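Participant: Okay, here's the structure, questions in a sec.
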Amino acid sequence: MSLRSVLRAQTADCHAEVDKLFGTFDLSHRQQYSTFLRAHARIVPATEDALEDAGIIRLLPDWPERRRTQLLLADIRKLGDPLPPRLPPPALHGEAALWGTLYVLEGSKLGGALLAKSVPDHLPGSYLTPQGPKGATRIFMDRLDASGIDDPAAAISAARDVFGLFLKAGQLELEAVP
């Protein structure tokens, strides 16, 4: 079974929880969209920085083109909102953890592309708009499956941790809404 299939099967429950929570946001409503972006800003920048510090460029040479932090922060600034405090990034010990973390971040891009359709044109939407190198998703999936990770437990654990961080970030932002 491919690492992608293992990750999909072993994180399906986490993925469903995150989809359920973030599916409650009405992205056509400015305040809810802002809350959605702020939740992502609690985890995406710290996670991308942690991946970079861990040497992700060795695994994905096109990593700089895949980063979304600047797009996310620009959208929040355009809305005139303050940046939220970041959650601590996931611990990334070993190559398998990098792949598991990337699995969640790259998957969120696919979800974001679907969500972008519900963001009105008058709101900034660069974070959710598909970007990056042409065929980036296929390249990522091919590299994930060719990674040669013998024991996927660390990748699964890292992916579950990142899903958990997204849940926590979403809950924190929802609790802060008056």
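The values are calculated or read from the model by the stated rules, or taken from the named source; none is laboratory data. Computed from a predicted structure; not experimentally measured. All Cβ positions, glycine included, derive from the backbone under ideal geometry; neighbour counts span all protein chains shown. Protein only, heavy atoms only, side chains kept; ligands, DNA and RNA dropped before computing areas. Shrake-Rupley method; radii C 1.70, N 1.55, O 1.52, S 1.80 Å.
Participant: What does region 91-178 give for Rg and for Dmax, in Å, if only its C-alpha atoms count?
Facilitator: So, for region 91-178, Rg and Dmax equal 15.5, 48 Å respectively.
Participant: Relative to the Cα centre, what is the charge dipole magnitude of region 3-176, using +1 at the beta carbon of each Lys and Arg, -1 at the beta carbon of each Asp and Glu, and rounding to the nearest 20 debye?
Facilitator: 420
Participant: Over the Cα atoms of region 3-176, compute the convex hull volume and normalise it per residue, giving Å³.
Facilitator: 104
Participant: Still on this structure, please answer the following. Averaging sequence separations of C-alpha pairs under 8 Å and six or more residues apart, then dividing by the length of region 3-176, give the relative contact order as a whole percent.
Facilitator: Normalised by residue count, the contact order of region 3-176 is 39 percent.
Participant: Now a separate question. Taking the solvent-accessible surface of protein heavy atoms with a 1.4 Å probe, what is the per residue accessible area of region 1-63 in Å²?
Facilitator: Per-residue accessible area for region 1-63 comes out at 45 Å².
Participant: So, for region 103-152, what is the accessible surface per residue at a probe of 1.4 Å, expressed in square angstrom?
Facilitator: Per residue, region 103-152 has 55 Å² of solvent-accessible surface.
Participant: Further question on the same structure: Tell me what the chain gives for mean residue ellipticity at 222 nm when only DSSP H runs of n ≥ 4 count, each as -39,500 (n - 2.57), the sum divided by the residue total, rounded to 500 deg cm²/dmol.
Facilitator: Value at 222 nm, helices only, nearest 500: -20500 deg cm²/dmol.
Participant: I would also like to ask the following. For the chain, set up a GNM with springs between Cα atoms under 10 Å and report which of R42, R30, R58 has the largest fluctuation.
Facilitator: Among R42, R30, R58, the largest GNM mean-square fluctuation belongs to R58.
Participant: Roughly how far apart, in whole Å, are the Cα centres of region 41-95 and region 126-164?
Facilitator: Measuring centre to centre over Cα atoms gives 14 Å.
Participant: Taking the chain, how many lysine pairs are there with alpha carbons less than 23 Å apart, if each pair must be eight or more places apart or span two chains?
Facilitator: The number of close lysine pairs in the chain is 9.
Participant: Here is a further query. State the percentage of accessible surface on the chain attributable to carbon and sulfur atoms; use a 1.4 Å probe and exclude ligands, DNA and RNA.
Facilitator: That fraction is 56 percent.
Participant: Using the basic label-point model (7 angstrom from Cα toward the beta carbon), what is the K78 to V177 distance in nanometres?
Facilitator: 2.1
Participant: Here's a follow-up. Test of understanding: what is the full-extension gain from R86 to E52, defined as 0.36 nm times their sequence separation minus their Cα-Cα distance?
Facilitator: 10.6 nm
Participant: Working out 0.36 nm times the residue gap between T137 and R30, then minus their Cα-Cα distance, what length gain in nm do you get to one decimal?
Facilitator: The T137-R30 span can extend by a further 35.6 nm.
Participant: A follow-up question, please. Any number yet on Rg/Rh for region 53-137, C-alpha, Kirkwood?
Facilitator: Checking Rg against Rh, the ratio lands at 0.99.
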